[in-house]
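All remarks here apply to the structure that follows.
The values are calculated or read from the model by the stated rules, or taken from the named source; none is laboratory data. Predicted model only: the values in this text are computed from it and were never measured. For neighbour counting, all protein chains shown are included, and Cβ atoms are generated from backbone atoms with ideal geometry for every residue, glycine included. Protein only, heavy atoms only, side chains kept; ligands, DNA and RNA dropped before computing areas. Shrake-Rupley method; radii C 1.70, N 1.55, O 1.52, S 1.80 Å.
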Amino acid sequence: MSTDSKEPAQERQINEQDFLDGSEQAKSRYGRFNLAIIGDSGVGKSSLVNAVFSRDWAKVGMGLPVTRGVHYYNDDSLGIWDIEGFEIGSELSPSDLLKSHLKTISERPANEQISVVWYCVESHASRLTPAAIAMIQALDSAGLPVVLVLTKVDWGKNPITKSRTVTHDLEQFVEWLENPNDNGVPITVPYEKLILTSTRDKHGKGKGHGLGDLVTETLALSPEDEKDAFRIAQRLNLPWKRELARPVVHKAAAAAALATATPILIADAAVLAPIQLAMMGRIATIYDLELKTMMSAGALAQLGVQFTGQALARSFLKLIPGAGSVVGASVAFALTAATGEAWLRLCEQVHTGKLDIKKISESWSDYAPSFLDVVRKIMEQKLTKS
Ligand SMILES: Nc1nc2c(ncn2[C@@H]2O[C@H](COP(=O)(O)OP(=O)(O)OP(=O)(O)O)[C@@H](O)[C@H]2O)c(=O)[nH]1
Ligand SMILES: [Mg+2]
């Protein structure tokens, strides 16, 4: 049998299941980040969640009312406890009501437990109400780190320095929050961080401010083993995702090198496909792309064929001087690393809404690694080795 007649049979070995398995493994490894967001009705809780996590919960139709005033929204990487700070007609004080909510939540499964709390107060208030202080104390007693978020800040601009400014009233409120007191007598408000935010300008338009600080501080306060889940769940900070994806690429490239420690024929380069597909699945999870629901199975498999080793090996290796008709460890490493980088770029484009996943099959070739990318990876390896 000639090599040519063998190739179509090889291509059928590409199995999108490897991709899906990689994606599922990454999901269970990174887990879910759970945030509780507490504040009076209308303070801007939902707007904050939309701005930081850009989830279309309404469309998904989720938001299970766990108990009155408490909703739980979740997908794989994110859980949001949306808790109303005040209930009209309740017999319990707001802090007792909150304590009972926290107890209800503590009895839920491990993957729903709160990591960080955003306690939201409108920035136009002049001080915290006693009820709000009691609630923050209750959260602290429950061992939960609280970010005190002032919402709907009307930013101004200093005409000379161009730095952002806030109103005099808000400056005074912040001063009070930094040294809370009751007519000069200090009181304890055990929040960890104070962040000033807006999700739009005062005309209800434009971009928000302070959200970058909000995600940075939330990450800092997250328990160590939940930080990666937060990096995945949030959608504001792209470099965090890249930092998570790079080691995945490197690990897959190393595995591909191991698989070709004894060089293989180009026609057999499909053995690299499972490694590369699993890598692609993991990266898709880091970018929170649910490709299974975004693409048909056929399109996914097609993408695998186009992106992974076999097609690349066939088209490139003939061009690499001295590579011959076999794939050795350094070429397998380079092919996989270049594939990973290309896929990462593509995922970024989809994640940021610049590329429509449905058009991927038309535009994949704009992203697939080029011959030069592969050669560059080979050169990089040689440089690091020497
Ligand atoms: N000016 C301004 N308006 C905002 C901002 N954030 C939210 N809003 C507006 O405030 C209103 C309430 O916002 P939501 O995000 O729905 O508030 P919420 O706390 O989720 O409200 P409930 O779910 O009813 O408790 C909406 O009309 C928003 O458009 C902001 O940063 N600036
Ligand atoms: Mg809301």
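Residue by residue, here is whether (1) at positive phi; (2) at pLDDT below 90; (3) more than 14 Å from ligand 1 (Cβ to nearest atom) holds:
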position: LYS45; (1), (2), (3): no, no, no
position: TRP57; (1), (2), (3): no, yes, no
position: GLY61; (1), (2), (3): yes, yes, yes
position: ASP76; (1), (2), (3): no, yes, yes
position: ASP82; (1), (2), (3): no, no, no
position: GLU87; (1), (2), (3): no, yes, no
position: SER90; (1), (2), (3): no, yes, yes
position: LEU97; (1), (2), (3): no, no, yes
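Which residues, counting only those in segment 110-137, are open to solvent by less than 60 Å² (accessible area, probe 1.4 Å) and part of a helix (DSSP H, G or I)? Once the filter is applied, which keeps residues that are open to solvent by less than 60 Å² (accessible area, probe 1.4 Å) and part of a helix (DSSP H, G or I), segment 110-137 yields GLU112, ALA131, ALA132, ILE133, ALA134, MET135, ILE136. The residue of segment 13-42 that is nearest to ligand 1 (Cβ to nearest atom), among those that are closer than 29 Å to TRP118 by Cβ and aromatic (Phe, Trp, Tyr), is PHE33. Restricting attention to segment 73-88, the residues that are part of a loop (DSSP other than H, G, I, E, B) and either free of Cβ contacts under 8 Å to residues at least 40 places away in the same chain or more than 16 Å from ligand 2 (Cβ to nearest atom) (or both) total 5. Can LYS193 be described as open to solvent by 90 Å² or more (accessible area, probe 1.4 Å) and away from ligand 2 (no atom under 16 Å from the Cβ)? For LYS193, the condition - open to solvent by 90 Å² or more (accessible area, probe 1.4 Å) and away from ligand 2 (no atom under 16 Å from the Cβ) - is not met. Inspect all residues belonging to segment 253-268 and state whether any of them is within 15 Å of the chain's Cα centre (by Cα), assigned to a helix (DSSP H, G or I) and within 15 Å of LEU344 (Cβ to Cβ). No: segment 253-268 contains no residue that is within 15 Å of the chain's Cα centre (by Cα), assigned to a helix (DSSP H, G or I) and within 15 Å of LEU344 (Cβ to Cβ). Each residue in segment 329-368 was checked for being touching a Pro at 6+ places or on another chain (Cβ under 8 Å) and at pLDDT 90 or above, and 1 of them qualify. Based on this model, can you work out whether ASP201 counts as open to solvent by 50 Å² or more (accessible area, probe 1.4 Å) and either outside the structural domain of SER47 (by TED's automatic domain parsing) or not in a helix (DSSP H, G or I) (or both)? Yes; evaluated as a whole, the condition is true for this residue.
Determine whether segment 100-109 contains at least one residue that is more than 29 Å from LEU196 (Cβ to Cβ), part of a helix (DSSP H, G or I) and in contact with a strand residue (DSSP E or B) (Cβ under 9 Å, 6 or more places away or on another chain).
Filtering segment 100-109 down to residues more than 29 Å from LEU196 (Cβ to Cβ) leaves 100, 103-104, 106-109.
Pick out the ones that are also part of a helix (DSSP H, G or I) and you get 100, 103-104, 106.
Retained after the next criterion (residues that are in contact with a strand residue (DSSP E or B) (Cβ under 9 Å, 6 or more places away or on another chain)): 100, 104.
Taking every residue of segment 100-109 in turn, at least one turns out to be more than 29 Å from LEU196 (Cβ to Cβ), part of a helix (DSSP H, G or I) and in contact with a strand residue (DSSP E or B) (Cβ under 9 Å, 6 or more places away or on another chain).
Please go through segment 220-241 and give me each residue that is part of a helix (DSSP H, G or I), open to solvent by 20 Å² or more (accessible area, probe 1.4 Å) and hydrophobic (A, V, I, L, M, F, W, C), ordered by number. Once the filter is applied, which keeps residues that are part of a helix (DSSP H, G or I), open to solvent by 20 Å² or more (accessible area, probe 1.4 Å) and hydrophobic (A, V, I, L, M, F, W, C), segment 220-241 yields ALA220, LEU221, LEU238, TRP240.
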